[in-house]
Amino acid sequence: MEPRAREAIEDIVRAVREGDDARIRTLLATLAAVADTAALLYLRERLYTPQ
């Protein structure tokens, strides 16, 4: 997975937990530019992992 994708995912997870909708939209646009299937599956895993 590309490092930029992993960084965007971790930032998305933080923004989701903080409820920062504007930042989530920005970060999703960033992720869309670099994500592959593995990155999307990793995002799903990170979002559904209990804190």
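What follows is calculated from the coordinates using simple rules that are stated; it is not laboratory data. Just so it is clear, the model here is predicted, and its values are computed rather than measured. With ideal geometry, Cβ positions are generated from the backbone for all residues, glycine too; neighbour counts draw on all protein chains shown.
The loop-placed trypsin sites (Lys or Arg not before Pro) in the chain, going by DSSP, include none that has at most 13 neighbouring Cβ atoms within 10 Å of its Cβ.
Screening the chain for DSSP H helices whose Cα atoms reach 18 Å or more along their own axis and whose mean Kyte hydropathy is at least -1.0 gives 3-18, 21-34. Full extension of the chain between E2 and A29 yields a length gain of 8.2 nm, computed as 0.36 nm times the residue separation minus the alpha carbon distance. If you bin all the Cα-Cα distances of the chain at 5 Å, starting from zero, the percentages per bin are 4, 25, 34, 25, 11, 1.
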